[in-house]
Amino acid sequence: MPRKRYSPEEIIAMLREAEVRLSQGEMVGQICRMLAVSEQSYYRWRREYGGLKVDQARRLKDLERENQRLRKAVADLTLDAMILKEAAKGKLLSPSRRRACVDHVVRDLGVSVRRACHVVGQHRSTQRKQPQGRQDEAALTRAVIRLAEQYGRYGYRRITALLNAEGWVVNVKHVYRIWRREGLKVPMKQPKRGRLWLADGSCVRLRPTHRNHVWSYDFVQDRTHDGRAFRMLVVIDEHTRECLAIEVDRKLNSQRVLDTLADLFVTHGPPEHIRSDNGPEFIATALRDWLARLDVKTLYIEPGSPWENGYCESFNSRLRDELLNGEIFYSLREAQVLIEWWQRHYNRLRPHSSLDYRPPAPQAVLPGPSWPPDPVAASAHPPTLTAGL
């Protein structure tokens, strides 16, 4: 028969009855047999509840339970602090780092996996599941490193697009993990710049909506190995992001600009608008009159505001970052050949972030040329230089 557990009220009532019987001369043993309790329980009850009333005993028990609860809470907080102190420094953002931290805490502190997962913030199913990885992880890593070496200024998103184009089934997060693990270089971020606002608080800039809506052109300058400068006339379609032409020569005047635009108008048709800065080659009277006769409206940006010609300036930055800063041109002919190769690669193969990582003109030629070009093949079969592709 299981032992009965008495409430404080019942214990105090039994002690009151025992006091009455003791005053009448009965012995403790007789009283305990009558109450069906042992003498040890009787003396323990007297030590705990002697002289207390029922409400006082109830309050005492409540205080004991509260004390136990507080002690347990303090012990839990202390253990949590020990677990966090034993964990790795910094934020544990990835499941793999949390998994390693939980294993370390369980091994060193002897706490349960459930408790360690709760403190670290790791789901227990994630802790139990061991990552399997891809069977072709080594081949994928080699492909990422190969593309990163081939396209030194591309980030992991553009590398992911190139991998998908090659037939790999991989998402951008997986490529990013490989990118970080292999210590590959991420291109530097460009600083933010302010806008040029007019007096009424508006920023005037026509945004392209379709092909041949707005073209933009600008000059880029570089030097060959002997220190002599050469210029590049860059013409792009702002809507499709296609580079229509990169004219390369030592000197380019307004007449060369007119000739280049004439060849492009024959190939692609004249645009509705053409955007440029206020350079002397672009504001020449002959060029402006010729564009007006063809119903091509000119858009000139505010002086000292290159961000208003943002599409062309962004292309110029890519051209300089991916080609001009990494190549030594020993002659003008070499510069023309390599720039022509890069233009074809940009239009046909290079993933463009604003086009959902698709090239601007992938249908131009099949298959497209690779970049960087093979120096032997480029010297044996140089591309034909034209005003546009």
>> Distance between the C-alpha centers of the range 1-42 and the range 280-344? Whole Å please.
In response: 105
> Stretched out fully, how many nm does the piece from ARG5 to ARG211 gain, at 0.36 nm a residue minus the Cα gap?
Replying inline: 65.3 nm
>> Given a 1.4 angstrom probe, I'd like the percentage of the accessible area of the range 232-285 that is carbon and sulfur, rounded to a whole number.
In response: 50
> For MET27, what accessible area in Å² do you get when you roll a 1.4 Å probe over the heavy atoms of the protein chains, rounding to the nearest 10?
Replying inline: 120
> According to a simple spin-label model (label point 7 Å from Cα along Cα-to-Cβ), what is the distance in nm between ARG142 and TYR330?
Replying inline: 3.3
> Modelled label-to-label distance, ASP80 and LEU294, 7 Å Cα→beta-carbon offset: nm?
Replying inline: 7.2
> Given a 1.4 Å probe and the protein chains all in place, what does the accessible area of ARG142 round to, in Å² to the nearest 10?
Replying inline: 150
> In what sequence, largest accessible area first, do THR240, THR78 appear using a 1.4 Å probe?
Replying inline: THR78, THR240
>> From the Cα trace of the range 289-331, what convex hull volume per residue do you get, rounded to a whole Å³?
In response: 145
> Residues with amide H under 5 Å of SER216's amide H, sequence separation 5 or more or different chain, H placed in the peptide plane at 1.01 Å from N; which?
Replying inline: ILE236, GLU238, ARG275
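The values are calculated or read from the model by the stated rules, or taken from the named source; none is laboratory data. Everything numeric in this text was worked out from a predicted model, so none of it was measured. Methodologically, a virtual Cβ is constructed for each residue, glycine included, from the backbone with ideal geometry; neighbour enumeration extends over all protein chains shown. Remember, those area values only see protein heavy atoms, side chains included, never the ligands or the DNA or RNA. Shrake-Rupley method; radii C 1.70, N 1.55, O 1.52, S 1.80 Å.
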